[in-house]
Amino acid sequence: MLQQVHSFKTDSNPVFHMRYGGGHINDTYMVLDDTGRLYVIQKINQNVFRNPKAVMENVHAVTAYLRCRVEKLREALCLVPTKSGEDWLVDEAGDYWRMYYFITDSIVLHQAADPRDFQESGFAFGYFQRQLADFPAEKLHETIPNFHNTPDRYRLFKEALKADPMGRAKNVSREIEFALAREEYAGTLMRLLASKDLPLRVTHNDTKLNNVLFDRDTRKAVCVIDLDTVMPGLSVNDFGDSIRFGASTGAEDEVDLSKINLSLDLLESYATGFLSACRDSLTQCELHHLRDGAKMMTLECGTRFLTDYLGGDKYFATKREGHNLDRCRTQYKLVAEMEKYWDEMQSIILSSSRS
Ligand code: ADP
Ligand code: GN1
Ligand code: MG
């Protein structure tokens, strides 16, 4: 048994643990106690989150806020305190650990099996944003500075390209060209933020389908998870990151690019769910730039994967040689798909906002 589990105030004796989930960032384990109660324990990745205390202060503040606003307990994450009453544990190695009650009878989806699943996740993230609309943003730390500052992601990409520590740049000239051809576009949303055309809101910032738990029986979205990146951000990016991950017809790391297309049906499902939850709180400018959120998040994520590939796979967990490059290629294929269906995307989003 992981030593750290014993520092938390579980209801009864922990008897079993196993690696759990498909996240790219934290180490996650499921824990069982001898009454059958389940928990999730996570080690925060300090290579990604340089200030883990700030992450935990945000998680504490957001979960406490949401817990007062949900109808049922399982609709918000709930931290299990340590035996000494803290929200997290710092172990002897300096690693930060936190424990949540496991949201039981829930499932996670890595791909939408049905457009209704995706619509549900859209509703969940739209609702999440609405629930946090009055959250005092000044209470939140910026857990990863410049997280969705796409021009800054380009700066890091060009730095990695110049340094080329693994000698990999020669393998990716097409991807480099693809990224550089879109550098001017990459500043679009940050320019609209600077000119105050787009408002800064409290957003989730990592709205992948697998960051929503669904009820196993009803397939209704139960709870939004992975709150490490909740901080001030753009609503269009929350919309966009979901489309990037979930409206693709293939997995994020699919090697056969002919399987990667943009599903306009899935886009419509997500937009319908998302907008039914938060349309009234969005400005016209936000509504009109939702499709840019989708393209921006896909371009940015592809460029982050490419940067990590060039830099030697230090950020995202990888399972095989070239894993980050495979991921980059799916993202760039999706960007190309979005460019192909640019006008259709807008019609679908705007008509979903009226339905
Ligand atoms: P990462 O940042 O690495 O993606 P997540 O917080 O998303 O970490 O957790 C990884 C996985 O663990 C999730 O996709 C989900 O399957 C599972 N998980 C996390 N928290 C809970 C919870 N409270 N109840 C049930 N499953 C959970
Ligand atoms: C990471 O934590 P996870 O696996 O939900 C990453 C996201 C990327 C995503 C790509 C903190 O998300 O920004 O979009 O991988 N999270 C962080 O799959 O960097
Ligand atoms: Mg996750």
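Assorted remarks:
- For the set His17, His204, His6, the ranking by accessible area, highest first and with no ligand, DNA or RNA atoms included, is His6, His17, His204 under a 1.4 Å probe.
- Intensity falloff of the stretch 278-318 expressed as log10 I(q)/I(0), Debye formula with alpha-carbon point scatterers, at q = 0.22, 0.29 Å⁻¹: -0.70, -0.92
- Largest-first ordering by accessible area, 1.4 Å probe, given options Ser351, Ser121: Ser351, Ser121
- Residue pairs exceeding 28 angstrom between C-alpha atoms, taken from Lys196/Lys220; Lys170/Lys295; Lys72/Lys295; Lys53/Lys83: Lys196/Lys220; Lys72/Lys295.
- Top positive-direction residue, dipole computed over the chain with Cβ charges, set Leu275, Met296, Leu73: Met296
- Student exercise, the stretch 214-330 dipole from Lys, Arg, Asp, Glu Cβ charges, in Debye to nearest 20: 100
- Taking the Cα centre of the stretch 118-203 as origin and assigning +1 to Lys and Arg Cβ atoms and -1 to Asp and Glu Cβ atoms, the resulting dipole is close to 180 debye.
- Over the stretch 123-281, accessible surface divided per residue gives 44 Å², non-protein components excluded, 1.4 Å probe.
- Per residue, the average separation of C-alpha pairs within less than 8 Å and at least 6 apart gives the chain a relative contact order of 19 percent.
- Candidates per trypsin sites (Lys or Arg not before Pro) in the stretch 142-213, loop by DSSP, up to 16 other Cβ within 10 Å: Lys196
- Taking Leu290, Leu192, Leu79 as the candidate residues, the one with maximal mean-square fluctuation in a Gaussian network model of the chain, Cα springs under 10 Å, is Leu192.
- Per residue, the convex hull volume that the Cα atoms of the stretch 95-195 enclose (Å³): 247
- Computed over Cα pairs, the Kirkwood radius of the stretch 149-296 leads via Stokes-Einstein (1.002 mPa s, 20 °C) to a diffusion coefficient of 124 µm² per second.
- Portion, in percent, of the accessible area of the chain that falls on carbon or sulfur, probe 1.4 Å: 49
- Tensor-based shape of the stretch 59-146 (alpha-carbon gyration tensor, a/c under 1.5 rounded, otherwise prolate or oblate): prolate
- For the chain, the C-alpha radius of gyration sits at 0.98 times the compact-globule guess of 2.2 N^0.38 Å, with N the residue count.
- Surrounding net charge for Arg98, when Lys and Arg each add one and Asp and Glu each subtract one, Cβ distance under 9 Å: 0
- Under a model in which nothing but the beta-carbon of Lys, Arg (+1) and Asp, Glu (-1) is charged, the chain shows a dipole of about 240 debye around its Cα centre.
- Sequence of Glu142, Glu254, Glu339 when ordered by accessible area, the most exposed leading, probe 1.4 angstrom: Glu142, Glu339, Glu254
- Only one residue of Val55, Leu132, Gly122 has its Cα farthest out toward the positive end of the dipole of the chain, where Lys and Arg carry +1 and Asp and Glu -1 on Cβ, and that residue is Val55.
The values are calculated or read from the model by the stated rules, or taken from the named source; none is laboratory data. Being a predicted model, the structure only gives us computed values, none of them experimental. All Cβ positions, glycine included, derive from the backbone under ideal geometry; neighbour counts span all protein chains shown. Surface areas here come from the heavy atoms of the whole protein model, side chains and all, with no ligands, DNA or RNA. Shrake-Rupley method; radii C 1.70, N 1.55, O 1.52, S 1.80 Å.
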